[in-house]
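These notes are about the structure you will find just below.
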Amino acid sequence: MSAAQANPALGVVPSHAIRLAGVAKTFGDVPVFSGIDLTINTGEAVAIIGSNGTGKSTLLRALNGLNPIDAGSVEVLGASVHALKGDALRRLRARIGFVFQKHFLVSRLCALSNVIHGMQARRSGPQVWAQWCAPAAAREEALACLQRVGLADKAMQRVDSLSGGQSQRVAIARMLMQRPEIILADEPAASLDPRAGDEVMELLFHLSREAGRTLVFVSHDMEHAVRYSDRIIGLSGGGIALDISATEARPQELTGFFAKPAAETADRPRAVYSGAAAA
Amino acid sequence: MNVSAPPRFERPGAVGFTLFVAAAAFIIWSFQNSGLSLEHLERGFPAIIRVLGRMFPPDITDIDRILWSLLTTFQMAIAGVVLGLILSLPIAILAADGLSPHPVVKQAARGLIALFRTVPDLVWALIFVITVGLGSPAGILTIMVDTIGFAGRFFATAMEETDKGSREALASIGATRSGIVFSSVIPDAMPSFIATSLFCVEKAVRSSVVLGLVGAGGIGVELKVAFDLFEYDVAATIIILIFILVVCVEQAGEWMRRRVM
Ligand SMILES: Nc1ncnc2c1ncn2[C@@H]1O[C@H](COP(=O)(O)OP(=O)(O)OP(=O)(O)O)[C@@H](O)[C@H]1O
Ligand SMILES: [Mg+2]
């Protein structure tokens, strides 16, 4: 299937990359969301928005099994994520890239070593632990990934000496090294200055588009949500309260989504709110 | 302002006061029970002066042999500490929260480390002298066990305290447990590993000089013989050389710790 996806001309690409049905999650006795149904098509770019604590991160992390769910099913790339364990789960995760708000690199290692870690999706053993024990082909591929994010000249620099924006780009290079079919990103630009944030989002969007990868990102920046997605999903009151095409949406209108009192959306958790119609 | 200043000391509660009195009583009793008296000091002090007097000037006629013995002692410490550090790492991984493959394994590894740490080195030395015989091999094993008891615990703590974020990032890539340990946990914990290892070397050098007293190799036996034959001037040479070695090792350790931090 991954071969088919690398060459969309073959035409056997499954129509949906992600399908959630009746997904519910409760932390202790605090319900985060209940009964989420959502289908995301292959190659689609989806922005997830919503107030703090509405469960955006929890949802995203459920997509690759970093967070467990209480009920429902999460199907990603044709596999039922939460039914997988051990090696099978690792093989699925290998196909899903994840960019966090913080870069989460190994700070004492150089950029190149961190990018080579991305290869752990495909193989294990000492060759993928650090750049100095990696085979020449892996080092070249990692360097190409760094070049892709514009940091080839920083390959041998320790990542704790890089800026926040540069570190986030190294994390993206590590994700590229993974050769993922889906890219998940949880507020990848949130700890960056506006300019670096734009660059990172631009990069993620471009990387997903050029290879037909599915992109799902969480953002509090409505400009980013509109500019770098095909579709915008809003979480509120424990469910999906907004699901619109990005071409219909305008940043100012989306801001209105947050102004909505929580109680109102909580009554109708899964009602589709149309920002355009409300305007 | 109408705010009155808080009292300087809190009034102790009944339980606190009782504990305080009990502790004070125990300390006084400890002095009585161990029989230290002014008489001891009166008699002991001139004796110390007399022995010190016989120590100087130190006898350096045999210094070649003593230096050689000191080098052997140092090498015994290094060999033991290296063995111990190499074994500490896997044991610490098994003992660390979040890295250990199974709770039972974790408890077993922690139990082993605790056993190695709590039994004093001279006791280990006696055990190894009985089992492997007199001489340096017993000393090496003693230092190895002592190092595992110390480093195993600190290595495990250091690894538990490493950045959870980079571990999670690797887990989300689909990395194996060993991949995560070797590419994230160990690099993150490296400064702490190095600092701990340097402490272990210092500790091993200090303990290596006394292991000879129970026959586990090293310069300690020379010291004991010198005292037994009342050759206090030879003993002085040995003590001064031990002092120089330990200080040098500590200074070198300090210097290296500053460089890795
Ligand atoms: N590990 C956890 N244990 C307990 N509660 C949690 C845990 N993780 C998240 N929560 C709770 O679940 C809810 C959703 O959290 P989540 O992090 O998914 O929100 P979010 O939409 O990503 O918020 P933000 O915009 O601040 O990132 C919050 O109320 C949070 O307190
Ligand atoms: Mg979040």
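Here are the criteria: (1) within 12 Å of chain B (Cβ to nearest Cβ); (2) open to solvent by less than 40 Å² (accessible area, probe 1.4 Å); (3) assigned to a loop (DSSP other than H, G, I, E, B); (4) not aromatic (F, W, Y). Tell me which single one A:L192 does not satisfy.
Of (1) within 12 Å of chain B (Cβ to nearest Cβ); (2) open to solvent by less than 40 Å² (accessible area, probe 1.4 Å); (3) assigned to a loop (DSSP other than H, G, I, E, B); (4) not aromatic (F, W, Y), only one is false for A:L192: (1).
In the stretch A:12-50, which residues are more than 16 Å from ligand 2 (Cβ to nearest atom) and charged (D, E, K, R)? Talk me through it step by step, then tell me what you get.
At the first step, the residues of the stretch A:12-50 found to be more than 16 Å from ligand 2 (Cβ to nearest atom) are A:12-24, A:26, A:28-29, A:31, A:34-35, A:37-45.
A:R19, A:D29, A:D37, A:E44 - these are the residues of the stretch A:12-50 that are more than 16 Å from ligand 2 (Cβ to nearest atom) and charged (D, E, K, R).
Name the pairs: first residue in the stretch B:56-80 and more than 20 Å from B:A125 (Cα to Cα), second residue surrounded by fewer than 20 Cβ atoms within 10 Å (Cβ to Cβ), Cβ to Cβ under 6 Å, at least 6 apart or on different chains?
Close Cβ pairs (under 6 Å, with a partner that is surrounded by fewer than 20 Cβ atoms within 10 Å (Cβ to Cβ)) amount to B:P58/B:D233; B:D59/B:D233.
For residues that are open to solvent by less than 10 Å² (accessible area, probe 1.4 Å) and not β-branched (V, I, T), scanning just the stretch A:102-111, find the one that is farthest from the other protein chains (Cβ to nearest Cβ).
The qualifying residue farthest from the other protein chains (Cβ to nearest Cβ) is A:A111.
Residues in the stretch A:213-223: is at least one away from ligand 1 (no atom under 16 Å from the Cβ), outside any strand (DSSP E or B), open to solvent by 20 Å² or more (accessible area, probe 1.4 Å) and of a type outside the set (S, T, Y)? If you could, list the steps in order and put the result at the bottom.
Within the stretch A:213-223, the first condition is being away from ligand 1 (no atom under 16 Å from the Cβ), and the residues that meet it are A:213-215, A:223.
Then drop every residue that is not outside any strand (DSSP E or B), which leaves A:213, A:223.
Keeping just the survivors that are open to solvent by 20 Å² or more (accessible area, probe 1.4 Å) gives A:213, A:223.
With of a type outside the set (S, T, Y) added as a condition, the list becomes A:213, A:223.
Yes: one or more hits.
Considering only the stretch A:180-189, I want to know if a residue exists there that is in contact with a Leu (Cβ under 8 Å, 6 or more places away or on another chain) and in a helix (DSSP H, G or I).
The initial filter retains those residues of the stretch A:180-189 that are in contact with a Leu (Cβ under 8 Å, 6 or more places away or on another chain), namely A:181-186, A:188.
Subset that is in a helix (DSSP H, G or I): none.
Scanning the stretch A:180-189, I find no residue that is in contact with a Leu (Cβ under 8 Å, 6 or more places away or on another chain) and in a helix (DSSP H, G or I), so the answer is no.
Residue by residue through the stretch B:21-39, note down the ones that are part of a helix (DSSP H, G or I) and within 31 Å of the chain's Cα centre (by Cα).
Kept after step one, since they are part of a helix (DSSP H, G or I), are these residues of the stretch B:21-39: B:21-33, B:38-39.
Residues satisfying the conditions are B:A23, B:A24, B:F26, B:I27, B:I28, B:W29, B:S30, B:F31, B:Q32, B:N33.
Any chance the stretch B:179-200 includes a residue that's away from chain A (no Cβ under 14 Å) and open to solvent by 30 Å² or more (accessible area, probe 1.4 Å)?
Yes: the stretch B:179-200 contains one or more residues that are away from chain A (no Cβ under 14 Å) and open to solvent by 30 Å² or more (accessible area, probe 1.4 Å).
Among (1) under 16 Å from A:G237 (Cβ atoms); (2) away from ligand 1 (no atom under 15 Å from the Cβ), where does A:K85 come up short?
(1)
Check off (1) away from ligand 1 (no atom under 16 Å from the Cβ); (2) touching a residue at least 40 places away in the same chain (Cβ under 8 Å); (3) farther than 14 Å from A:I48 by Cα; (4) surrounded by fewer than 19 Cβ atoms within 10 Å (Cβ to Cβ) for A:A246 and give me the number that stays unchecked.
That leaves (3) as the condition not met.
Give the residue that is farthest from the chain's Cα centre (by Cα), with candidates limited to residues of the stretch A:165-195 that are of a type in the set (D, E) and more than 16 Å from ligand 2 (Cβ to nearest atom). Reasoning before the result, please.
Initially, the stretch A:165-195 is screened for residues of a type in the set (D, E), giving A:181, A:186-187, A:193.
Next, only the ones that are more than 16 Å from ligand 2 (Cβ to nearest atom) stay: A:181, A:193.
On the way: A:E181: 11, A:D193: 20 Å.
Only one residue fits best here, namely A:D193.
This table checks each residue for (1) out of contact with any Cys (no Cβ under 8 Å at 6 or more places or on another chain); (2) surrounded by fewer than 20 Cβ atoms within 10 Å (Cβ to Cβ); (3) more than 13 Å from every other protein chain (Cβ to nearest Cβ).
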site	(1), (2), (3)
B:L134	yes, yes, yes
B:G139	yes, no, yes
B:G152	yes, no, yes
B:E168	yes, yes, no
B:S172	yes, no, no
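Hey, among the residues in the stretch A:224-237 that are more than 16 Å from ligand 1 (Cβ to nearest atom) and buried (at least 19 other Cβ atoms within 10 Å of the Cβ), which one's farthest from A:I96 (Cα to Cα)?
Kept after step one, since they are more than 16 Å from ligand 1 (Cβ to nearest atom), are these residues of the stretch A:224-237: A:226-231.
Within this subset, residues satisfying the condition of being buried (at least 19 other Cβ atoms within 10 Å of the Cβ) are A:226, A:228-229, A:231.
Values: A:V226: 23, A:Y228: 19, A:S229: 18, A:R231: 20 Å.
Per the criteria, the residue is A:V226.
Could you list, in sequence order, all residues of the stretch A:51-64 that are within 9 Å of ligand 2 (Cβ to nearest atom), more than 14 Å from chain B (Cβ to nearest Cβ) and either over 15 Å from A:F27 (Cβ atoms) or under 14 Å from the mean Cα position of the chain (by Cα) (or both)?
Within the stretch A:51-64, A:K56, A:T58 qualify.
Check the stretch A:131-138 and report whether any residue there is assigned to a loop (DSSP other than H, G, I, E, B) and crowded, with 19+ Cβ neighbours inside 10 Å. Even if it seems obvious, please write down each step before you answer.
Filtering the stretch A:131-138 for residues assigned to a loop (DSSP other than H, G, I, E, B) gives A:134-135.
Retained after the next criterion (residues that are crowded, with 19+ Cβ neighbours inside 10 Å): A:134.
Taking every residue of the stretch A:131-138 in turn, at least one turns out to be assigned to a loop (DSSP other than H, G, I, E, B) and crowded, with 19+ Cβ neighbours inside 10 Å.
Name the helices (runs of 4 or more DSSP H) wholly within the stretch B:150-261 that hold at least 1 residues that are touching a residue at least 12 places away in the same chain (Cβ under 8 Å) and under 19 Å from A:C110 (Cα atoms)? Give the steps one after another, and end with the answer.
Working: elements: B:164-173, B:177-180, B:186-211, B:220-228, B:232-260.
Per the criteria, B:164-173, B:177-180, B:186-211, B:232-260.
Confirm whether A:L162 is in contact (Cβ under 8 Å) with a residue 24 or more places away in the chain and within 17 Å of the chain's Cα centre (by Cα). Steps first, answer last, please.
On the way: in contact (Cβ under 8 Å) with a residue 24 or more places away in the chain: yes; within 17 Å of the chain's Cα centre (by Cα): no.
For A:L162, the condition - in contact (Cβ under 8 Å) with a residue 24 or more places away in the chain and within 17 Å of the chain's Cα centre (by Cα) - is not met.
The values are calculated or read from the model by the stated rules, or taken from the named source; none is laboratory data. Just so we're clear, the structure is a prediction, and the values are computed from it rather than from any experiment. Heads up, the Cβs are rebuilt from the backbone with ideal geometry, glycines too, and the neighbour counts pull from every protein chain shown. Please note that ligands, DNA and RNA were not included when accessible areas were found on the heavy atoms of the full protein model with its side chains. Shrake-Rupley method; radii C 1.70, N 1.55, O 1.52, S 1.80 Å.
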